[in-house]
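Data first, discussion second: the structure below is written as structure tokens.
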Amino acid sequence: MEKQLPPGQFESEKWPILHVGDVYQFDEATWNFRLFGEVKNEVLLTYREFMSLPTRVSTVNMHCVTTWSKFGTSFEGVPFRELLNLVELEDGVNYVQIYGYYDGDRFGYNANLPLKELLGDDSLFVFRWKDKHNEWADLDPKHGFPLRFIPPETFYLWKGTKWVSGIRFMKEDEAGFWEEMGYSMTANPFKEERYR
Ligand SMILES: Nc1nc2c(c(=O)[nH]1)N[C@H]1C(S)=C(S)[C@@H](COP(=O)(O)O)O[C@H]1N2
Ligand SMILES: [Mo]
């Protein structure tokens, strides 16, 4: 993947940790993943069911709105598009909200994204990464274990929900956690869309 620094960003070799609130403590017995909203059939996946979905490895670039960019990190995860095979969407679904843990609530954090931008190999729910010794390792809880989203690099990394709990399908775009506080709905780092 090409290495292009978006305007106002600097390159970081390290992978910083950034989130609000405490770190989610994984418990397989209570963990599940919910597909809901504008769907004909709501789906609830257990951890085992989610982890049996097809996975792939992608090497991606990450751009945080606080100005660090990290290039060339390899992740293993389930492509977003695999989840689309499990639900029948209502007509006119164009956006999603990806939910995750915040402050005791598994659905306390969310970020909105346009559905059609999430169909490629650079749009993954990840659980493993190639660490600084170039060895495969489980994600650290602070980075979102057991599962976190990594968006395409045409979105700032706040759209990469950690400790994910589900996807809500929507006809109209709706603001998520940071978007409600004034951050950009579209959030393209290469257009420097930080705020709205
Ligand atoms: N659940 C949750 N996901 C989150 C956040 C958060 O506060 N809570 N912060 C976001 C922000 S602003 C960034 S930059 C990335 C940081 O991911 P990292 O800590 O793995 O670098 O997580 C995103 N996902
Ligand atoms: Mo961020």
Problem set entry | Answer residue from the range 178-191, given it is farther than 19 Å from Gly8 by Cα and not in a loop (DSSP other than H, G, I, E, B) and is farthest from ligand 1 (Cβ to nearest atom) among those | Glu180
Exercise. Is at least one residue of the range 14-25 more than 11 Å from ligand 1 (Cβ to nearest atom), within 18 Å of the chain's Cα centre (by Cα) and surrounded by 13 or more Cβ atoms within 10 Å (Cβ to Cβ)?
Worked result: no
Seminar exercise, completed: Among (1) without any contact (Cβ under 8 Å) to a residue 40 or more places away in the chain; (2) surrounded by 13 or more Cβ atoms within 10 Å (Cβ to Cβ), Thr30 falls short only on (2)
For this session: Take the residues in the range 38-82 that are exposed (fewer than 13 other Cβ atoms within 10 Å of the Cβ) and among the basic types (Lys, Arg), then tell me which one is farthest from Pro16 (Cα to Cα).
Result: Lys40
For this session: Can you tell me which residue among Thr67, Thr59, Thr55, Thr73 is of a type in the set (Val, Ile, Thr), within 16 Å of ligand 2 (Cβ to nearest atom), under 21 Å from Asp138 (Cα atoms) and modelled with pLDDT of 95 or more?
Result: Thr73
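How many of the residues making up the range 42-76 are among the hydroxyl-bearing types (Ser, Thr, Tyr) and within 15 Å of ligand 1 (Cβ to nearest atom)? Write out each step before concluding.
So in the range 42-76, the residues among the hydroxyl-bearing types (Ser, Thr, Tyr) come out as 46-47, 52, 55, 58-59, 66-67, 69, 73-74.
Narrowing further to those that are within 15 Å of ligand 1 (Cβ to nearest atom): 66-67, 69, 73-74.
Total meeting the criteria: 5.
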Exercise. What about Arg34, is it within 30 Å of Lys171 (Cα to Cα), away from ligand 1 (no atom under 14 Å from the Cβ) and part of a helix (DSSP H, G or I)?
Worked result: no
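Within the range 89-109, identify whether any single residue is within 21 Å of Glu193 (Cβ to Cβ), within 15 Å of ligand 2 (Cβ to nearest atom) and not β-branched (Val, Ile, Thr), and answer yes or no. Give the steps one after another, and end with the answer.
Filtering the range 89-109 for residues within 21 Å of Glu193 (Cβ to Cβ) gives 94-98, 109.
Subset that is within 15 Å of ligand 2 (Cβ to nearest atom): 98, 109.
This time we only want the ones that are not β-branched (Val, Ile, Thr), so: 109.
For the range 89-109, residues within 21 Å of Glu193 (Cβ to Cβ), within 15 Å of ligand 2 (Cβ to nearest atom) and not β-branched (Val, Ile, Thr): present.
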For this session: Please enumerate the residues belonging to the range 169-194 that are under 16 Å from Leu157 (Cβ atoms) and among the small types (Gly, Ala, Ser).
Result: Gly176, Ser184, Ala187
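The values are calculated or read from the model by the stated rules, or taken from the named source; none is laboratory data. Just so it is clear, the model here is predicted, and its values are computed rather than measured. All Cβ positions, even for glycine, are placed from backbone atoms using ideal geometry, and neighbour counts span all protein chains on display.
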